[in-house]
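**Q** Mind having a look at this structure? Questions to follow.
The values are calculated or read from the model by the stated rules, or taken from the named source; none is laboratory data. Just so it is clear, the model here is predicted, and its values are computed rather than measured. Here the Cβ positions follow ideal geometry from the backbone for every residue, glycine too, while neighbour counts run over all protein chains shown. What goes into the accessible areas is simple: the full protein's heavy atoms, side chains included, and nothing from ligands, DNA or RNA. Shrake-Rupley method; radii C 1.70, N 1.55, O 1.52, S 1.80 Å.
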Amino acid sequence: MTNDLGREICGNLATAESREWLVTNGIGGYASGTIAGLVTRRYHGLLIAALKPPLNRTLLVTKLDETIQYQDQYYPLYTNRWADGTVDPHGYKTIESFRLEGTIPVWRFACADALVEKQLWMQQGANTTYSRYTLVRASKPITLSLKALVNYRDHHGSTYGGDWRMEITPVERGVWVTAFEGAVPFCLLADRGEISLHHDWTIGFDLSVERYRGLSGREDHLHVATFETQLKVGESLTLVVSTEEHPELDGNTAYEAHYQYQQQLINSWDAAHELKTTPSWIRQLVWAADQFIVNRPLADAPDDKTIIAGYPWFGDWGRDTMISLPGLTLSTGRPEVARTILRTFARYIDQGMLPNLFPDVGTEPEYNTVDATLWYFEAIRAYYEATQDQALIAELFPILEEVIDWHRRGTRYSIHLDNDGLIYAGEAGVQLTWMDGKIGDWVVTPRVGKPVEINALWYNALGVMITLGQTLGKPYQEYEQMAQETALGFQRFWNSSLGYCYDVLDTQSGDDAALRPNQIFAVSLPMGRGSHTRGTSLTPLLDREQQRSLVDTIARTLLTSYGLRSLSEDHPQYSGHYGGNPVERDSVYHQGTTWAWLIGHFVQAHLRVYNDPTTALTFLEPIANHLQAACVGSISEIFDGDAPMTPRGCFAQAWSVAEVLRAWLLISNWNNYP
């Protein structure tokens, strides 16, 4: 990313702490923080290790409090806010600039005429984080001091120090820390300098974002060591924190390995697309896309992959994985990753359902989604379109046949094909669609009945079965007949008096006419617009006039700069602000909140209705500016429905990044589509 954030952002605490950074290691571990250096979340840390990749994420090293001594003056580079609200010290005032080099956060600190640069990255495939400090400019040497604060807790938790004593073992160039018997040991090592050992709890860090979220807003961390060295102009100190027994200590070697890895991602993008130019913000999203792709090793498949739904708190979700897969892997020129993920999830299909959640604790996945399995069909279709890999679809086709059969005769949660050709889903107390907010036993948006997007996805799945069946020489006529019945039944969704689709049919209260974005998939999904292949004809779910009316209505009422609102503003349950404690947040999660991932399907639908890529591109342009806010270089999960549409939720979300990438490519290549 070429645009530096200068003192106008970094030197103002309110703006500097509202912008965050993220680095990842490809196995589920991560590091994150604010560009101010202020810890505001329980999820901020220098090493949050995936101890059982890709999950069991554990905060090990919280932060480094850095101080420079230069010409008899002391300059703290770090900032802390304490439980009583005071801020001390004010190290953010020394930040001259912040930027990303790929995904590597880079700070420059100005202390009189001395200029110090800090780079931070993780090693791919290891729970290892590097912090490198280089003296870029000065008239005399500086003394750099790094105070290391550690912890050992689940990344969702909180720590209050008390009498907890950790074992701190000095070794050459640093220390090993064992938090308690049975804990995974971790090290803090420096490539130069002196080390002093400590065991002092630093009490009362304020976590302002957690307090805003209605959670514990205070935490303690343990000071275990201080590293100190003198640097001349051009010299560097690299500090490594790791669970590895022998991490690479040479900062130049470690940096070069990471640089080459990032370059490979761009090379894959360039090789996959014949584009004259790629905007810098799109290249940034190519790097961001990789942060969500992680290993999920199995006993007989150690190289299997999955997708982390969002940072900092989500794991790998079936629904999010399948929606994200085309944008994160196929759009970025990495079909081999898509293939691995599709095969990984095929192992877990049960009773015709894809799991929605692989839990942090335990091994049994949760099957509580009606749409994840249907998005699996679309992911397979996109993969085959990109690769023509008949071997994989031949392997998966029997599984897809079984999925269709389970839906036809019925599976969990009353999911079944009804007599009108539409899929019914849901039971009291269960949330099955992507609008899955639940508070205790209260399902905020239950949508029990026949949801519009589920039936658009079902029709798309039947079209995929027809296409793949034809390709493989398998019987497909029954799917053609089922598709005809679904297309006929789908007309029940059209509300001619309002000019858009019902959201859910056949609920206990009748047909739900709330204006929500779910109907966009009836126009955006490939099979929904109709298909004519090898003598087979799929009828469009909506005619041209209906499609245009639907897209226009959504554009006028639900479209924002960053996605689509989840409910129209004139609905009595609309809420344009997302925030507060868990109950307050979950109660409005899908009641007006803007969802960034929906912009991809809106763009696709708009293109199909208007055939105007120039206009379509304007819907994505605000995202380029968003990459300089929230989590710099990535895209947030959600935004307020009301202006200024403040970013909320996860600060980096897989399907948000994926769908913007996919939509941008769709626009760029639109003239090549049939």
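**Q** Rolling a 1.4 angstrom probe over the protein chains, ignoring ligands and nucleic acids, what is the accessible area of Val106 in square angstrom, nearest 10?
**A** 0
**Q** Please report the spacing between the Cα centers of region 254-297 and region 1-41 in Å, no decimals.
**A** 20
**Q** Which order do peptides 159-166, 593-600, 50-57 fall in by mean Cβ count within 10 Å, highest first?
**A** 593-600, 50-57, 159-166
**Q** Related question: Fully extended, how many nm does the chain gain between Asp506 and Val184 (0.36 nm per residue separation, minus their Cα-Cα distance)?
**A** The Asp506-Val184 span can extend by a further 110.6 nm.
**Q** Suppose accessible area is computed on protein heavy atoms with a 1.4 Å probe; arrange Trp313, Trp107 from highest to lowest.
**A** Trp313, Trp107
**Q** Here's a follow-up. Compute the angle between helix 280-290 and the longest alpha-carbon principal axis of the chain, please, reported from 0 to 90 degrees and rounded to the nearest 10.
**A** 90
**Q** Which order do His577, His221 take by accessible area at a 1.4 Å probe, largest first?
**A** From most exposed to least exposed: His577, His221.
**Q** Tell me, what is the 1.4 Å probe accessible area of Tyr259, in Å² to the nearest 10?
**A** We get 100 Å² for Tyr259.
**Q** Okay, next question. Would you be so kind as to identify which of Pro302, Gln264, Gly251 lies farthest towards the positive end of the dipole of region 250-323, taking Lys and Arg as +1 and Asp and Glu as -1 on Cβ and the Cα centre as origin?
**A** Value: Gln264.
**Q** Need the full-extension length gain, Asn267 to Ser414, defined as separation in residues times 0.36 nm minus the C-alpha distance. One decimal, nm.
**A** Going from the current span to full extension adds 48.2 nm.
**Q** May I ask for the net charge around Asn267, where only other residues with Cβ less than 13 Å from the Cβ of Asn267 are counted and Lys, Arg are +1 while Asp, Glu are -1?
**A** 0
**Q** Then there is this: Using per-residue counts of other Cβ atoms within 10 Å, averaged over each peptide, order 179-187, 406-414, 114-122 from highest down.
**A** The most tightly packed comes first, giving 114-122, 406-414, 179-187.
**Q** Using a Cα-Cα cut-off of under 19 Å, which lysines could be cross-linked to Lys63, ignoring same-chain neighbours fewer than 8 residues away?
**A** Lys93, Lys118, Lys147
**Q** I would also like to ask the following. Which value, in Å² and to the nearest 10, is the accessible area of Phe98 when all protein chains are kept and the probe is 1.4 Å?
**A** Rounded to the nearest 10, that gives 0 Å².
**Q** Further question on the same structure: Need the full-extension length gain, His90 to Thr169, defined as separation in residues times 0.36 nm minus the C-alpha distance. One decimal, nm.
**A** 25.2 nm
**Q** Under a cut-off of 15 Å between alpha-carbon atoms, report the aspartates and glutamates in cross-link reach of Lys438, not counting same-chain residues fewer than 8 places apart.
**A** Within the straight-line limit of under 15 Å, Lys438 reaches these aspartates and glutamates: Glu427, Glu584, Asp586.
**Q** For region 517-579 and region 45-116, what is the centre-to-centre distance using only Cα atoms, to the nearest Å?
**A** 44
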